[in-house]
Every structure is written in structure tokens, then in C-alpha cells.
């Protein structure tokens with residue numbers, strides 16, 4: 001038998017490894033407290049990671065909406081151009097005015 005095994009066996013026979021009741025209670029309380037703290041820490045980390053993923057998804061959505069808004073602004077500018085409005089008016093059957101009469105709003 002090795003020296004270590006002799007020492008352990010001898011220590012057990014002589015009762016050196018006995019733990020009193022108060023020590024066991026302290027040990028159990030410490031382990032329970034550490035387990036609780038570790039569980040709370042893991043819950044916090046998990047919650048933080050989930051929030052981070054949600055924020056990242058929102059940022060992607062914001063950038064997509066920004067691109068969509070820019071495209072809509074380009075479309076509006078194209079459709080609101082004077083030349084385009086004249087083409088549409090002609091297509092709808094409107095003609096340029098030949099003689100224009102202005103009405104005065106001031107009393108005479």
C-alpha cells in the first residue's frame with residue numbers, strides 16, 4: 001500500500017476527518033448560497049444575451065427601413081418632377097392654357 005493510502009486509512013481510523021454539526025451546517029449553507037448566486041448570475045447573463053440579440057434584430061430592421069425610406073424619397077422625387085407631371089397631364093387629356101383670365105379678389 002502506498003504511503004498516501006496508509007495516511008488516509010490511518011486518519012479515518014483515528015477520526016481525523018470528522019466534521020462537527022456546526023461545520024457541516026456552514027458548509028451546506030455556503031454551498032447553497034454559492035449555488036443560488038451562480039444560478040442568478042446565469043439567469044442574468046442569459047437575459048442580457050437575449051436582450052442583445054433583440055437589440056441587434058431591431059438595428060437590422062431600422063437599417064432596412066432606412067433604405068426603404070430612401071428609395072421612397074427617390075420615387076417621390078421622380079414622380080414629382082415637373083416634366084413627369086406634364087407627361088401625366090397630357091396623358092390624362094389636359095392641354096396647355098391658351099388664354100388665361102385672372103380674377104381680382106379686391107373689391108372694385
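The values are calculated or read from the model by the stated rules, or taken from the named source; none is laboratory data. All values derive from a computational prediction rather than experimental measurement. As a convention, Cβ positions derive from the backbone with ideal geometry for all residues, glycine included, and neighbour counts pool all protein chains shown.
In segment 88-101, the condition of being surrounded by 10 or more Cβ atoms within 10 Å (Cβ to Cβ), under 37 Å from the mean Cα position of the chain (by Cα) and in a helix (DSSP H, G or I) is met by no residue.
Just one of 25, 85 is modelled with pLDDT of 90 or more and either in a loop (DSSP other than H, G, I, E, B) or surrounded by 10 or more Cβ atoms within 10 Å (Cβ to Cβ) (or both); which is it? After ruling out the rest, the residue left standing is 25.
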